[in-house]
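Some notes on the structure that comes next.
Derivation of every value follows stated rules applied to the coordinates shown; laboratory data play no part. Computed from a predicted model, the values in this text were never measured in an experiment. A quick note on method: Cβ atoms are made from the backbone with ideal geometry, for glycine too, and the neighbour counts reach across all protein chains shown.
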Amino acid sequence: MLDKMPGAIASLAKELLEQEATGDRARTEAWFAKYAVLPDHLKNAFTTVSDIPVDIQPIYSFPEEIR
């Protein structure tokens, strides 16, 4: 399945860049109406884990603080 990732990412990038380049609002709205929807099983999964505390202080390996 990982071997399909480069093609899928290239296809997604092509679609989004074409939407931006052409300024086709209807095409963009149709795309988001189709793909910007969170399925119920994922909504339920997020609800299940929403009460897990996040008390992690990440340590980044950047040489200096980024602002």
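Seen from E18, the other residues with C-beta closer than 15 Å to its C-beta sum to a net charge of -1, counting Lys and Arg as +1 and Asp and Glu as -1. What's the magnitude of the charge dipole for the chain around its Cα centre, counting Lys and Arg as +1 and Asp and Glu as -1 at the beta-carbon? Answer in Debye, nearest 20. It comes to approximately 260 debye.
In a DSSP loop and with at most 12 other Cβ atoms within 10 Å, the chymotrypsin sites (Phe, Trp or Tyr not before Pro) in the chain are Y60.
Of all lysines in the structure, the ones whose alpha carbon falls short of 21 Å from that of K43, not counting any fewer than 8 places away in one chain, are K34.
Across region 2-49, the volume of the C-alpha convex hull divided among the residues equals 102 Å³ per residue. Shown here for region 1-65: GluC sites (Glu not before Pro) in loop regions (DSSP other than H, G, I, E, B) with at most 16 other Cβ atoms within 10 Å, namely E64, E65. Cut-off 10 angstrom, C-alpha nodes, Gaussian network model of the chain. Which of D55, D40, D24 fluctuates the most? Maximum among the listed residues: D55.
Neighbours of R27, meaning other residues whose beta-carbon lies under 12 angstrom from its beta-carbon, give a summed charge of -3 when Lys and Arg score +1 and Asp and Glu score -1.
Between A13 and I56, the simple label model (points 7 Å from Cα in the Cβ direction) yields a spacing of 2.7 nm.
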